[in-house]
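The values are calculated or read from the model by the stated rules, or taken from the named source; none is laboratory data. All values derive from a computational prediction rather than experimental measurement. Reconstructed Cβ throughout: ideal geometry from the backbone, glycine too, with neighbour counts over all protein chains shown.
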Amino acid sequence: MALLEVAQIRRAFGGLLALDNVSFQVQPGQIKGVIGPNGAGKTTLFNIIAGALRPHAGAVRFAGRDLTGLRPFQIAARGVSRTFQKPSLFLRLSVLENVMVGRHVRTRRGFLACALALPAQRREEQAIRAAALQQLERFQLAADADRPVGDLSFGNRRLVELARALATEPRLLLLDEPASGLNTRETDDLAREIRRIRDSGITVLLVEHDMSLVMEVCDEILALNFGTPIAEGPPAAIRNHPRVVEVYLGGQV
Amino acid sequence: MPDVMQLLLQHAFSGITLGSIYAVVAIGFNIVYSTTGVLNFAQGEFVMLGGMTAVTLAAFTPLPVAIAGAVLLAGLCGAGLELALFRPLRRHSTLHMIIITIGLSIVIRDAALHIWDEKVRALPYFTGDEVSSVRLLGAAISPQVLWVLGTVGLLVLVLHVFYRHTLAGRAMRACASNPEAALLVGIDTANMRTLAFALSAALGGLGGCVISPISMTAYDMGAGLAIKGFAGAILGGLGHPMGAVVGGLLVGLAESYSVLSGIPAAYKDATAFAILLAALFLRPHGLFGSPERESLKEL
Amino acid sequence: MRRLPLLLPVAICAALLTGLQLALSAAGLQSYLNEAIIAAYHAIVVLGLCLLMGYAGQISLGHGAFFALGGYTSAVLTTAPLSAARDSGWVRGLRLAGALVEREDLYGAQILTVAPGAAFLAALLLTLAVALLIGYPALRLRGHYLAMATLGFGLIVYRLLLGTDWTGSADGISNVPPWHLGCGLTVSGRPAYRVQNFYIAWGLCLLTLALLLRLAHSRIGRALRAIHEHEAAADAMGIPTAALKLRVFVLSALLAAGAGSLLTHYHRGIYPSAADATQSVRYVALVAAGGMANLWGALLVSATLNFLSLRGVFGSYDHAVFGALLILIVSLAPQGPFQPLAERLARRRRARKEAAHGAA
């Protein structure tokens with residue numbers, strides 16, 4: 001059974017049809033990529049899957065259960081996490097605290113327990129800290145744990161965002177243009193990271209402009225243009241697909 | 001004319017009279033908000049300053065000169081505040097700007113208290129006096145009401161012409177629409193912002209002068225006016241010029257008619273505030289605004 | 001990790017306050033305790049507002065209304081004579097529940113009123129209802145809209161209190177009885193009780209501080225700050241933003257109402273000005289001046305400025321001082337006057353840790 005099922009999604013903004021009858025599936029353990037020129041509707045699609053936008057028609061199903069119309073935090077609780085295209089770290093929190101926020105959805109102590117510092121809450125807090133440090137360690141950022149997150153380099157900040165999303169223990173990870181702003185070496189590191197994430201059992205769906213990354217890392221690719229799917233298949237098939245070539249290069253090569 | 005009609009008409013006139021002043025405040029809010037993105041909580045204070053200054057000047061100059069002087073001073077005050085306070089502080093977050101303008105309104109009010117004391121003042125009626133009355137559509141109203149309606153009506157017309165047909169007006173609209181693009185085409189956005197503040201302050205001052213004979217001028221009238229003006233601006237759709245006028249008038253009418261609906265007179269003021277809440281909760285984009293434009297706006 | 005226990009400064013503060021009280025009493029300056037007590041209760045309101053504004057990032061220009069709601073509920077219930085309805089069913093029911101008390105009024109007559117303890121509970125329940133009612137729609141708004149909505153709410157409450165007969169109209173309610181808490185403690189403004197009221201007020205204030213400090217340093221506090229920094233990202237990370245904002249709003253409203261109720265018993269009365277926009281704006285000014293997300297800052301600035309204000313140090317410029325404070329602090333030091341110091345300490349601690357790592 002497909003882990004993520006997107007069925008006939010339609011979304012308009014005023015008079016502009018951003019997504020028109022988009023359907024596809026993501027199989028468990030896959031790394032799937034979504035490509036398309038600017039304005040193709042990729043971020044809109046992501047926002048709909050993650051619950052930040054409602055579709056005007058169609059449905060999104062995750063592990064067989066309907067996600068359409070749920071709020072983002074409910075979707076996160078179900079096991080879908082995401083990163084953002086624009087920087088979205090909590091700037092006035094430290095690096096560690098940013099990742100600790102990722103643990104919120106898997107922890108429970110409420111107002112009373114926290115205000116009274118009950119033993120169960122103290123234990124949970126230690127567990128949160130340990131789990132967050134562990135995430136930082138896998139990205140070699142543990143030494144920067146207490147620094148304000150704004151002090152880090154751009155590439156490292158992107159890694160903190162990734163660590164934060166992973167701290168939510170997702171089954172499906174949505175990466176929104178993870179390579180934007182990264183140089184070649186950092187992009188190679190990113191490719192390796194994405195594969196490691198998949199190998200740890202998390203399915204990945206990513207939106208990306210960087211063709212080399214997409215071709216290298218994805219098992220399957222969906223190409224969109226003006227809100228409609230134009231091709232879907234493994235990288236080799238997409239690379240040579242006539243419509244994809246036409247849309248990206250404006251005609252026969 | 002039957003008594004009920006008389007009563008309704010009487011209330012209608014008092015409603016649009018006060019509503020015109022709320023409309024002036026609402027217009028002032030809009031001008032500043034659309035050009036600078038700042039919601040100036042101190043907007044109501046300019047109405048107060050206009051009235052107070054005019055009263056002081058009227059003691060030794062003819063009334064028209066006093067009013068002109070007050071309007072000019074209010075405008076300069078607005079410009080001065082923009083230069084001294086808002087220009088250097090533009091980078092601050094919305095939360096901070098709100099707090100700063102609130103602080104400003106408090107300081108202005110306290111300064112007014114110390115300059116003029118807490119006595120209520122009033123300008124003399126422009127024509128006639130407090131007992132003269134004119135018949136209009138069968139209702140007996142004070143000639144001052146005609147001055148208020150006439151002045152505000154003229155103001156709206158002049159603004160309309162200013163925005164559509166003068167270079168400065170179009171430049172301000174450009175700033176409101178897209179500040180970066182305006183900068184790129186050579187519009188001095190900083191000066192446009194100063195102009196916006198000066199304009200809204202001058203308008204407020206004029207409103208304060210013209211309403212002074214009817215509802216008096218007191219050092220603490222600013223806060224209530226600001227809220228009611230804001231209610232009008234929200235009701236009409238923030239940033240929408242015609243909306244401010246309609247919204248302000250509606251608030252005034254609702255306040256006036258609330259007395260008839262059985263709400264105790266002591267709660268009359270609360271009516272305007274309740275309208276504000278209802279507008280914010282049910283239709284924050286107002287009568288003339290669009291919901292999508294609101295959600296895209298960076299608040 | 002050799003970090004100081006979070007509540008150690010609270011204990012130190014308690015010790016200092018005790019010392020202060022002993023010194024003032026010894027010097028015959030016990031009357032100063034009066035302003036200190038009032039400042040403590042207002043500080044409770046400011047602390048709650050600090051959690052809402054500084055941590056969760058939601059502005060409220062109407063917290064004076066919650067303070068007044070608490071105070072007025074206590075005042076009305078403990079002064080309204082129920083003697084006439086003595087034999088009706090609900091009065092007898094309340095009597096059985098222990099919610100009523102027979103006492104002597106100002107003129108020596110015997111009257112039956114609600115007991116202060118029961119009135120306090122009623123005040124909290126009413127505030128809970130109102131806060132939920134207002135908070136639910138209001139917190140869906142942002143920035144200017146939220147500010148105006150809360151301001152509008154506060155003004156409506158003010159106008160209603162000002163214009164209603166049975167809340168005393170412009171005169172407010174006086175002759176509110178003292179509250180006998182048991183164990184020999186009484187909330188009352190009489191000089192005989194001054195010293196114990198100092199400890200009651202500051203004890204409650206420091207307790208509030210301790211609880212809120214713990215809350216701020218827990219997953220809830222982090223979630224609130226996340227909402228403040230980037231609400232969409234917080235939502236995506238599984239934080240129920242709307243529900244959390246509402247809960248903090250209600251908590252801060254309850255704190256304000258509780259303080260209002262207690263202060264009403266201390267003052268023996270309450271007046272509409274407590275709900276005025278001026279008062280609400282003052283609370284905001286104090287939170288901003290303390291550094292927004294800084295509970296200690298809020299407490300220190302609030303206690304100091306309120307104490308000075310109450311003693312009349314600012315004279316007739318009282319309002320202007322708070323207004324100017326708002327402008328100055330927020331424009332010059334938006335993170336509060338203590339932030340530069342806090343940052344320097346944090347940097348030094350980090351440098352020491354890095355040096356220790358390097359040496360190892």
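Listed values, structure above:
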item	result
Inter-residue pairs, beta-carbon under 6 Å, first more than 14 Å from C:ASP105 (Cβ to Cβ) and in the stretch C:79-95, second in a loop (DSSP other than H, G, I, E, B), 6+ apart	C:VAL91/C:LEU82
Qualifying residues in the stretch A:103-131 (those that are assigned to a loop (DSSP other than H, G, I, E, B) and within 25 Å of A:LEU166 (Cβ to Cβ)) - the one farthest from the other protein chains (Cβ to nearest Cβ)	A:ARG108
Complete set of residues in the stretch C:235-275 that are at the interface with another protein chain (Cβ under 7 Å from one of its Cβ atoms) and surrounded by 23 or more Cβ atoms within 10 Å (Cβ to Cβ)	C:ASP235, C:ALA236, C:MET237, C:GLY238, C:ILE239
Those helices (runs of 4 or more DSSP H) lying entirely in the stretch A:132-236 with at least 2 residues of a type in the set (Val, Ile, Thr) and either within 16 Å of A:GLY29 (Cα to Cα) or assigned by TED's automatic domain parsing to the domain that holds A:VAL60 (or both)	A:184-199, A:211-217
Index of the failed condition, B:LEU76 passing every other in (1) under 25 Å from C:ALA293 (Cα atoms); (2) of a type in the set (A, V, I, L, M); (3) away from chain C (no Cβ under 14 Å)	(1)
Enumerated helices (runs of 4 or more DSSP H) restricted to the stretch C:1-120, each holding at least 2 residues that are modelled with pLDDT of 90 or more	C:8-26, C:32-50, C:63-79
The stretch B:87-109 - residue that is farther than 20 Å from B:ALA223 by Cβ and in contact (Cβ under 8 Å) with a residue 60 or more places away in the chain and, of those, farthest from the other protein chains (Cβ to nearest Cβ)	B:ARG87
Filtered residues of the stretch A:72-96 (kept if facing chain C (nearest Cβ under 7 Å) and without any contact (Cβ under 8 Å) to a residue 24 or more places away in the chain)	A:PRO72
Test: residue in the stretch C:276-286 that is surrounded by fewer than 21 Cβ atoms within 10 Å (Cβ to Cβ), away from chain A (no Cβ under 11 Å) and farther than 19 Å from C:SER169 by Cα	no
Odd one out for C:ALA109 among (1) of a type outside the set (Lys, Arg); (2) free of Cβ contacts under 8 Å to residues at least 40 places away in the same chain; (3) touching a strand residue (DSSP E or B) at 6+ places or on another chain (Cβ under 9 Å)	(3)
Candidate set from the stretch C:139-183 (those that are closer than 19 Å to C:VAL281 by Cβ and touching a Ser or Thr at 6+ places or on another chain (Cβ under 6 Å)); member that is nearest to the other protein chains (Cβ to nearest Cβ)	C:GLY143
Selection within the stretch C:204-228 - more than 8 Å from every other protein chain (Cβ to nearest Cβ) and under 21 Å from the mean Cα position of the chain (by Cα)	C:LEU204, C:CYS205, C:LEU206, C:LEU207, C:THR208, C:LEU209, C:ALA210, C:LEU213, C:ALA216, C:HIS217, C:LEU224
Filtered residue count, the stretch C:311-337, keeping only those that are surrounded by 17 or more Cβ atoms within 10 Å (Cβ to Cβ) and either assigned to a helix (DSSP H, G or I) or more than 13 Å from chain B (Cβ to nearest Cβ) (or both)	14
So B:LEU206, is it more than 12 Å from every other protein chain (Cβ to nearest Cβ), in contact (Cβ under 8 Å) with a residue 24 or more places away in the chain and more than 30 Å from B:GLU118 (Cβ to Cβ)	no
Filter result (without any contact (Cβ under 8 Å) to a residue 24 or more places away in the chain and exposed (fewer than 14 other Cβ atoms within 10 Å of the Cβ)) within the stretch A:197-232	A:ASP199, A:SER200
Conditions (1) at pLDDT 90 or above; (2) within 22 Å of C:THR208 (Cα to Cα): number failed by C:PRO272	(2)
Strands (runs of 3 or more DSSP E) enclosed by the stretch A:1-91 - at least 2 residues per element that are farther than 23 Å from A:ASN225 by Cβ	A:57-62, A:80-82
Check on A:VAL34, at pLDDT 95 or above and more than 9 Å from every other protein chain (Cβ to nearest Cβ)	no
Subset tally (residues that are buried (at least 16 other Cβ atoms within 10 Å of the Cβ) and not aromatic (Phe, Trp, Tyr)) for the stretch B:155-172	6
Selection from the stretch A:49-70 of residues that are within 7 Å of chain C (Cβ to nearest Cβ) and surrounded by fewer than 19 Cβ atoms within 10 Å (Cβ to Cβ)	A:ALA52
Leading residue by the ranking (farthest from B:ALA201 (Cα to Cα)) among those in the stretch B:110-132 that are more than 14 Å from chain C (Cβ to nearest Cβ) and either part of a helix (DSSP H, G or I) or among the aliphatic types (A, V, I, L, M) (or both)	B:VAL131
Conditions (1) surrounded by 17 or more Cβ atoms within 10 Å (Cβ to Cβ); (2) within 14 Å of C:THR79 (Cβ to Cβ): number failed by C:TRP166	(1)
Those residues of the stretch C:287-305 which are of a type outside the set (A, V, I, L, M), in a loop (DSSP other than H, G, I, E, B) and crowded, with 24+ Cβ neighbours inside 10 Å, in sequence order	C:GLY291
Tally of residues being surrounded by fewer than 22 Cβ atoms within 10 Å (Cβ to Cβ) and either among the basic types (Lys, Arg) or in contact with a strand residue (DSSP E or B) (Cβ under 7 Å, 6 or more places away or on another chain) (or both) across the stretch A:71-82	3
Unmet requirement for C:ALA253, which otherwise passes all of (1) assigned to a helix (DSSP H, G or I); (2) more than 23 Å from C:ALA129 (Cβ to Cβ)	(2)
Residue match in the stretch B:55-68 (condition: over 30 Å from B:ALA182 (Cα atoms), without any contact (Cβ under 8 Å) to a residue 12 or more places away in the chain and among the polar types (S, T, N, Q))	yes
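Residues checked against (1) out of contact with any Leu (no Cβ under 8 Å at 6 or more places or on another chain); (2) touching a residue at least 40 places away in the same chain (Cβ under 8 Å); (3) part of a loop (DSSP other than H, G, I, E, B); (4) within 9 Å of another protein chain (Cβ to nearest Cβ):
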| position | (1), (2), (3), (4) |
| --- | --- |
| B:VAL251 | no, yes, no, no |
| B:LYS268 | yes, no, no, yes |
| B:LEU277 | yes, no, no, yes |
| B:PHE288 | yes, yes, yes, no |
